Amino acid sequence: MTATVRFAPSPTGRIHIGNARTALFNWLFAQQRGGRFILRFDDTDLARSRREYADGIERDLGWLGIRPDAVHRQSERFAVYDAAVAKLKAAGLLYACYETAEELELRRKVRLSRKLPPVYGREALRLTDAERGALEAQGRKPHWRFLLPNFEADPFAPRRTEVTWDDLCRGPQTVDLASLSDPVLVREDGTYLYTLPSVADDVEMGISHVIRGDDHVTNTGAQIALFRALGAEPPAFGHHNLLTTSTGEGLSKRTGALSIEGLREDGIEAMSVASLAVLIGSSEAVTAARSLDELAARFDIAAASRGAAKFNPAELPVLNRALLREAPFDEVAERLAALGISGPKAEPFWLAVRDNVSRLSEAVGWWAIVANGAPGPQRIAEADRDFVREAFDLLPAEPWDAATFKAWTEAVKRASGRSGKQLFGPLRLALTGHDHGPALAELLPLMGRESVLARRP
Ligand code: GLU
């Protein structure tokens, strides 16, 4: 069976690394099966949804390497939901309710005090036509509830009704429909809550596997019932554990915490984000994958653990460093050029510095050092000054190549009697202004004799 999955964010903010986890689980799952990936914007909440967020989310996914086979917006699909409502009403499975939030809260308390489960008691089902008419005459508008199939003949005598599914991540799951209130599908003002549009679309779009965060597990019981009420076989479900910060806090789209956009701007590589987002909270070690294909080969949806996946953002620069130190020039050439690093020296330069950067943008500093020497005043110790000057006098004539540095420092060693740190430390400082950095043997030919001589203290 081929897979059709969907990632269904509501565009009320930009996506964060936890949302990326859901998107990537879906993407990798589909990739492994040659399936389809649908991006569906759950934007029925017209007041909070924004087109610019949706466009931003599409860009964020593109940056991660996710290319949807189709993009849909729920705000353009109300006819589908209206048809589903008509179908449910015709079957007597959607009923009008008129309680206010205060009335519902009061009833809930009464039920709790009677040791009854605090679910909706279906009181609105008892209303006569005349009572409904009277309420409407007072200006009350109904909201609409889905009648859960948790009774035999009498809806006021719900019985334990188990809905089960074999969760792709969590294994066998059971939800008792008698423990749930009939969900409200349509609000007083006629707007849709998440449940009905989601299920109607999953049916309509032929979604075979719903993969999402485990905050939706209880919803799934009612949703499975709704699939059946609409005459459809429910898809398979997989609920993965959610990412939390190391202090256990959840991430929120609205606060912008660890947004994909922010991480990208901070110079974190897409594959660092993807590797951490997918592998954390699983039995796989979190090491950087170079591509989504490589990640797909390592991904196992059943390997996600049940508990929250605590992650540490400090792992991102570590993964970045591991990725960059192996990044071939071709892979980064375009981005380097955008940073002003281009021309015949760009490739040998990249190969020289890639071991020393945890963000690609750090190459800019080294590029300037290669061209112009260390920024700011020289830091050479007084005791090393004459040594460095004399060393510079021994610089060989050009052409320079990879062997030049060795030949030069051998000569300096013979002349000065210095070796090891005593020898290389002051030279590195004079050439680059840093105590550590890329191999000088590789940098020297890129600098050239004239530029190096200008660094003589
Ligand atoms: N819009 C929902 C959310 O972001 C989608 C949940 C689902 O995948 O069904 O939580």
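Below, the figures for the structure above:
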read-out: The one condition in (1) surrounded by 16 or more Cβ atoms within 10 Å (Cβ to Cβ); (2) within 16 Å of the ligand (Cβ to nearest atom); (3) farther than 25 Å from A303 by Cβ; (4) in contact (Cβ under 8 Å) with a residue 40 or more places away in the chain that Y95 fails to fulfil; value: (2)
read-out: Residue tally, condition under 23 Å from W165 (Cβ atoms) and part of a loop (DSSP other than H, G, I, E, B), over the range 214-259; value: 8
read-out: The range 235-268 - residue that is surrounded by fewer than 19 Cβ atoms within 10 Å (Cβ to Cβ) and more than 18 Å from I15 (Cβ to Cβ) and, of those, farthest from the ligand (Cβ to nearest atom); value: G267
read-out: Leading residue by the ranking (farthest from L230 (Cα to Cα)) among those in the range 164-183 that are in a strand (DSSP E or B) and either away from the ligand (no atom under 16 Å from the Cβ) or not hydrophobic (A, V, I, L, M, F, W, C) (or both); value: G171
read-out: Tally, over the range 10-50, of residues that are near the ligand (Cβ under 9 Å from one of its atoms), under 10 Å from the mean Cα position of the chain (by Cα) and charged (D, E, K, R); value: 0
read-out: Residue match in the range 383-396 (condition: among the aliphatic types (A, V, I, L, M), surrounded by fewer than 19 Cβ atoms within 10 Å (Cβ to Cβ), modelled with pLDDT of 95 or more and more than 47 Å from the chain's Cα centre (by Cα)); value: yes
read-out: Answer from I211, I207 - the residue that is assigned to a loop (DSSP other than H, G, I, E, B), buried (at least 21 other Cβ atoms within 10 Å of the Cβ) and within 13 Å of the ligand (Cβ to nearest atom); value: I207
read-out: Test result for D189, within 16 Å of the ligand (Cβ to nearest atom), in contact (Cβ under 8 Å) with a residue 40 or more places away in the chain and closer than 30 Å to L39 by Cβ; value: no
read-out: Residue check, A374 without any contact (Cβ under 8 Å) to a residue 60 or more places away in the chain and either on the phi < 0 side of the Ramachandran plot or not basic (K, R) (or both); value: no
read-out: Some residue of the range 112-123 being charged (D, E, K, R), touching a residue at least 40 places away in the same chain (Cβ under 8 Å), surrounded by 15 or more Cβ atoms within 10 Å (Cβ to Cβ) and at positive phi; value: yes
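The values are calculated or read from the model by the stated rules, or taken from the named source; none is laboratory data. Since the model is a prediction, treat every value here as computed from it, not as a measurement. Here Cβ is always computed from backbone atoms with ideal geometry, including for glycine, and neighbour counts include all displayed protein chains.
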